[in-house]
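A.B. asks: Dropping a structure here in structure tokens format, bear with me for questions.
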Amino acid sequence: MNKWCLHNPDIIFEFAFEGNLNGLSEMINITVYRILQEALTNICRHALAKRVSVCLSREPGETPDAEAVFLRVTDDGKGFDPNQALNGLGLLGIRERVIAVGGEFSSFSASGHGVRIDVRLPLKCKLERRKQ
């Protein structure tokens, strides 16, 4: 993250951890990393944001199998009209990556009001097999 901040000195970057994030599987760690990488790239290229907030937390479940990691990325940039077709593959790629591990993805935006991406990844994830 330090490298990203150095390359984007005009953006205020906030990062928050909540809960015990130790011992997560390699699949979860890689998925979170790639989602953050794509989200931050989108913000740099398109958002014209002044502030970015990332929150990563571990959510307890009613059973150990229901535990999850929750990731929220928010920016205060120009946003987009959610009713218009998106140009590019950024959010689509994030969505596909989340679905591949059995997670949930949602994005919220309005023109002129930034973007919020919410991702919930089950800790007991199963990689979906693609039909060939």
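A.B. asks: Hand me the trypsin sites (Lys or Arg not before Pro) from the range 30-78 located in a DSSP loop with no more than 16 other Cβ atoms within 10 Å, in residue order please.
C.D. replies: Lys50, Lys78
A.B. asks: Percent relative contact order of the range 3-132, based on C-alpha pairs within less than 8 angstrom and at least six residues apart?
C.D. replies: Relative contact order comes out at 25 percent.
A.B. asks: Using DSSP, restrict attention to beta bridges with both residues in the range 2-122 and report what percent are antiparallel, rounded to the nearest 5.
C.D. replies: Of the beta bridges lying entirely in the range 2-122, close to 75 percent run antiparallel.
A.B. asks: A follow-up question, please. For the range 38-48, just list the computed ³J(HN,Hα) in residue order, Karplus coefficients 6.51, -1.76 and 1.60, θ = phi - 60°, integers in Hz, with x standing in for Gly and Pro.
C.D. replies: Each residue's phi maps through the Karplus curve to give 5, 4, 5, 4, 4, 4, 4, 7, 10, 7, 6 Hz.
A.B. asks: Turning to a different aspect of this structure: For the chain, take the longest principal axis of its alpha carbons; what is the angle in degrees between that and the long axis of helix 90-100, to the nearest 10 within 0 to 90?
C.D. replies: Roughly 10 degrees, rounded to the nearest 10.
A.B. asks: Divide by every residue of the chain the summed helix terms, -39500 (n - 2.57) for each DSSP H run of at least 4, and state the resulting mean residue ellipticity at 222 nm, rounded to the nearest 500 deg cm²/dmol.
C.D. replies: Only helices count here, giving -8000 deg cm²/dmol.
A.B. asks: If you wrap a convex hull around the C-alpha atoms of the range 1-125 and split its volume per residue, what is the figure in Å³?
C.D. replies: 105
Each reported figure results from applying straightforward, stated rules to the coordinates on display, with no laboratory input. In this text, all values refer to a predicted model and were calculated from it rather than measured experimentally. Reconstructed Cβ throughout: ideal geometry from the backbone, glycine too, with neighbour counts over all protein chains shown.
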